[in-house]
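Everything on this sheet refers to the single structure shown next.
The values are calculated or read from the model by the stated rules, or taken from the named source; none is laboratory data. Note that the structure is a prediction, hence the values are computed from the model and not measured. Here Cβ is always computed from backbone atoms with ideal geometry, including for glycine, and neighbour counts include all displayed protein chains.
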Amino acid sequence: MDTSCILLNGDYTFLCLIDWKKAMKLVFTGKVKILKYSEKIIRSISGVFRIPAVLVLIKVVRSIYKSRVPFSKKNVLIRDRHTCAYCGKSSKRLTIDHVIPRSKGGKTDFDNCVSCCEDCNNKKGSKTPRQAGMRLLKRPYQPTISEFVRIRLKQSGVYELLVEIGIY
């Protein structure tokens, strides 16, 4: 069963998504309040339990805010919403493309990397988009922390739930 639960800090700010097993541990140890239940249930020897959808910690935990979203392939794919920056196709098999190739001095960061399908990546090769006769549909950029969290929430399908509860 692949069920994620939203974990909110004690001040109702988004912390993370956790799996249902961790959520149930937090519930049984009394560390969280349940704001909303999901439709899914689990059965055990001691009874039947509904899996929570949204939890809030009893205490506020200090979270360390980074000034920037850390660069990784996964984060580039999330920023680009799993679509190719050249043809716009959405696919699970995307790679990362350097707009200005590394062989031509391009850096490996958010401002130079985009998600790219295999066909476009092979067509572009180690050329710039102009040299390859290709056009970027979206320009690469460094996402902010709040923008990135909002994108992740929308992709996971929990953003609407947080809006419904009145948190966003």
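Being of a type in the set (Phe, Trp, Tyr) and either in contact (Cβ under 8 Å) with a residue 60 or more places away in the chain or closer than 21 Å to Leu162 by Cα (or both): is that true of Tyr86 here? No: the conditions fail for Tyr86. Against the criterion of being farther than 30 Å from Ala132 by Cβ and loosely packed, with under 14 Cβ neighbours inside 10 Å, Arg68 does not qualify. Inspection of the stretch 123-142 identifies at least one residue that is among the hydroxyl-bearing types (Ser, Thr, Tyr) and closer than 23 Å to Arg68 by Cβ.
Residue-level check: of (1) in contact (Cβ under 8 Å) with a residue 60 or more places away in the chain; (2) within 21 Å of Pro140 (Cβ to Cβ), Ala53 misses just (2). Remark: pairs (first residue in the stretch 32-45, farther than 12 Å from Ile58 by Cα; second residue surrounded by fewer than 14 Cβ atoms within 10 Å (Cβ to Cβ) and among the charged types (D, E, K, R); Cβ separation under 6 Å; 6+ apart in sequence or on different chains) = Tyr37/Arg50; Ile41/Arg50. Lys154 meets the stated requirement of being outside any loop (DSSP other than H, G, I, E, B), among the basic types (Lys, Arg) and surrounded by fewer than 18 Cβ atoms within 10 Å (Cβ to Cβ). Within this structure, Ile18 fails the test of being in the same structural domain as Ile96 (by TED's automatic domain parsing) and under 19 Å from Val149 (Cβ atoms). Please go through the stretch 1-39 and pick out each residue that is among the basic types (Lys, Arg) and either in a loop (DSSP other than H, G, I, E, B) or within 23 Å of the chain's Cα centre (by Cα) (or both). Matches in the stretch 1-39: Lys21, Lys22, Lys31, Lys36. Restricting attention to the stretch 100-120, the residues that are touching a strand residue (DSSP E or B) at 6+ places or on another chain (Cβ under 6 Å) and either surrounded by fewer than 17 Cβ atoms within 10 Å (Cβ to Cβ) or assigned to a loop (DSSP other than H, G, I, E, B) (or both) add up to 2.
Selection of the stretch 109-124 for residues being more than 12 Å from Asp80 (Cα to Cα) and touching a helix residue (DSSP H, G or I) at 6+ places or on another chain (Cβ under 7 Å) yields Lys123, Lys124.
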